[in-house]
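Report on one structure; see the data block that follows.
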Amino acid sequence: MRVHETARGWTAVWTVVLALAQAAAFYLVWRFAVHTTLGQWTDTVALTGNQIGQDRIDGPVDRILNAMSVVSLLAATAVIGFIALIRNRMTLAVTATLLIAGANISTQLLKHYLTRPDFGIDPQRAGAGNSLPSGHTTVAASVAVALILVLPPKVRVVGAFLGVGYAAAAGVATLSAGWHRPSDAIAAYLLVGVWTGVAGLTLLLFQRERAAISPADAHRLAATVLGLGGTLALVASGLALSWLARLADIPADELSHRPLLIAYAGSAAGIVGTIAVVAGLVLAVVHRLVPRHQG
């Protein structure tokens, strides 16, 4: 019992650290992307670059975004809760539901109350005000992460990769459609990561003493693939945007095809990389948050 309590204590510490790190990353993304001229310019250039090849992807992008609604979110939440209930996990069902609700409600509140100064960089969208974080991206990411929590270990990895693909597609689609800036999607993923930390602590608080943590459920390889792949995508995004920063004195609508493409591709890589890292961190620790039970 003492060994179990020690392991649960270290898992709680690790979960808090991850939640705080993602909260800090959310703040830094918001401060840079919204409250600096370079951040607003970078977002604007990426949005301008979404016109490249837009005719070819309009159909799939529209289908992805139009499939997200309040009704579809409620349906997905009900399915996730049902999966947990048929596994006889009442606490998990409630926690996963609260994760989805908390992430999406806080997204709408933050979008309403966070300010966006007008630096004259994007006059076309100045009247729209703040758009961070992205509501559509939060829907996709919260459902994807909740799915990782509730699925049985045997199918969890498959669900994780499908969920990451869905959430990444949703984030890139908001950029491709011109609905959201890339920082909006990245911030949404980080916010979901914070709420996942809260959910993890809740699960640990109600974890039974007879919970049995199995090393076979650790999914180390899959978590490493997601984490490493996401990190490489973030590095590529950082290199692309660092190269782009030397052109920051040129208005977005005066840039040539090459920097617009680099801005769009680099931002898309940042979006994909962020959700991959967030999901990889969840997958690495989920076997301790939702362990097997003896008896």
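The values are calculated or read from the model by the stated rules, or taken from the named source; none is laboratory data. The model shown is predicted, which means the values in this text are computed figures rather than measured ones. Cβ coordinates were reconstructed from backbone atoms using ideal geometry, including for glycine residues, and neighbour counts include every protein chain displayed.
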- Message: Quick test for you: out of Thr231, Thr274, pick the one residue that is more than 22 Å from Trp179 (Cα to Cα) and among the hydroxyl-bearing types (Ser, Thr, Tyr).
- Response: Thr231
- Identify all residues within segment 93-139 that are of a type in the set (A, V, I, L, M), surrounded by fewer than 16 Cβ atoms within 10 Å (Cβ to Cβ) and under 21 Å from Val172 (Cα atoms); write none if there are none. Ala128
- Query: Restricted to segment 122-160, and to residues that are modelled with pLDDT under 90 and of a type in the set (A, V, I, L, M, F, W, C), which residue is farthest from Thr42 (Cα to Cα)?
  - Reply: Ala128
- Item | Criterion violated by Gly229 - all others in (1) surrounded by 13 or more Cβ atoms within 10 Å (Cβ to Cβ); (2) under 23 Å from Val16 (Cα atoms); (3) of a type outside the set (A, V, I, L, M) satisfied | (2)
- Scanning segment 238-250 for residues that are loosely packed, with under 13 Cβ neighbours inside 10 Å and without any contact (Cβ under 8 Å) to a residue 24 or more places away in the chain, the one farthest from Gly270 (Cα to Cα) turns out to be Asp249
- Query: Of the residues in segment 278-295, how many are closer than 30 Å to Gly49 by Cα and surrounded by fewer than 22 Cβ atoms within 10 Å (Cβ to Cβ)?
  - Reply: 0
- Note on the structure: The one condition Thr231 fails out of (1) at pLDDT 90 or above; (2) within 23 Å of Thr91 (Cα to Cα); (3) polar (S, T, N, Q) is (2)
- Note on the structure: Going through segment 161-172 in order, the residues found to be modelled with pLDDT under 95 and among the aromatic types (Phe, Trp, Tyr) are Tyr166
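Rundown of residues vs (1) of a type in the set (A, V, I, L, M, F, W, C); (2) outside any helix (DSSP H, G or I), yes/no style:
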{"position": "Leu74", "(1), (2)": "yes, no"}
{"position": "Asn88", "(1), (2)": "no, yes"}
{"position": "Ile105", "(1), (2)": "yes, no"}
{"position": "Lys111", "(1), (2)": "no, no"}
{"position": "Arg125", "(1), (2)": "no, no"}
{"position": "Ala140", "(1), (2)": "yes, no"}
- Item | Index of the failed condition, Tyr166 passing every other in (1) of a type outside the set (Asp, Glu); (2) crowded, with 24+ Cβ neighbours inside 10 Å; (3) within 13 Å of the chain's Cα centre (by Cα) | (2)
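Among the listed residues Ser242, Ser237, Ser142, Ser214, which satisfies the condition of being more than 19 Å from Ala93 (Cα to Cα), among the hydroxyl-bearing types (Ser, Thr, Tyr) and within 20 Å of the chain's Cα centre (by Cα)? Step through it out loud before you land on a result.
On the way: Ser242 fails: within 20 Å of the chain's Cα centre (by Cα); Ser142 fails: more than 19 Å from Ala93 (Cα to Cα); Ser214 fails: within 20 Å of the chain's Cα centre (by Cα).
Only one candidate passes the filter, namely Ser237.
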- Residue satisfying condition, being under 18 Å from Leu92 (Cβ atoms), modelled with pLDDT under 95 and crowded, with 17+ Cβ neighbours inside 10 Å, within set Leu175, Leu203: Leu203
- Restricting segment 23-69 to residues that are of a type in the set (Lys, Arg) and more than 19 Å from the chain's Cα centre (by Cα), the one modelled with the highest pLDDT turns out to be Arg63
- Task: Report yes if some residue within segment 73-80 is closer than 16 Å to Val192 by Cα and loosely packed, with under 12 Cβ neighbours inside 10 Å; otherwise report no.
- Result: no
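Within segment 257-271, how many residues turn out to be surrounded by fewer than 23 Cβ atoms within 10 Å (Cβ to Cβ) and either closer than 25 Å to Ala19 by Cβ or at pLDDT 90 or above (or both)? Don't jump to the end; show me each part of the working.
As a first pass, look at segment 257-271 and keep what is surrounded by fewer than 23 Cβ atoms within 10 Å (Cβ to Cβ): 257-262, 265.
Still in the running and either closer than 25 Å to Ala19 by Cβ or at pLDDT 90 or above (or both): 258-262, 265.
Within segment 257-271, residues that are surrounded by fewer than 23 Cβ atoms within 10 Å (Cβ to Cβ) and either closer than 25 Å to Ala19 by Cβ or at pLDDT 90 or above (or both) number 6.
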- Task: Select from segment 257-292 the residues that are free of Cβ contacts under 8 Å to residues at least 60 places away in the same chain and among the basic types (Lys, Arg) and list them in ascending order.
- Result: Arg258
- Message: Quick check on segment 168-210: of everything there that is out of contact with any Ser or Thr (no Cβ under 6 Å at 6 or more places or on another chain) and among the polar types (S, T, N, Q), which residue is farthest from Leu281 (Cα to Cα)?
- Response: Ser176
- Query: Can Leu18 be described as touching a residue at least 40 places away in the same chain (Cβ under 8 Å), surrounded by fewer than 18 Cβ atoms within 10 Å (Cβ to Cβ), in a helix (DSSP H, G or I) and hydrophobic (A, V, I, L, M, F, W, C)?
  - Reply: no
- Note on the structure: The condition of being over 18 Å from the mean Cα position of the chain (by Cα), in a loop (DSSP other than H, G, I, E, B) and not polar (S, T, N, Q) holds, among Leu247, Leu261, Leu221, only for Leu247
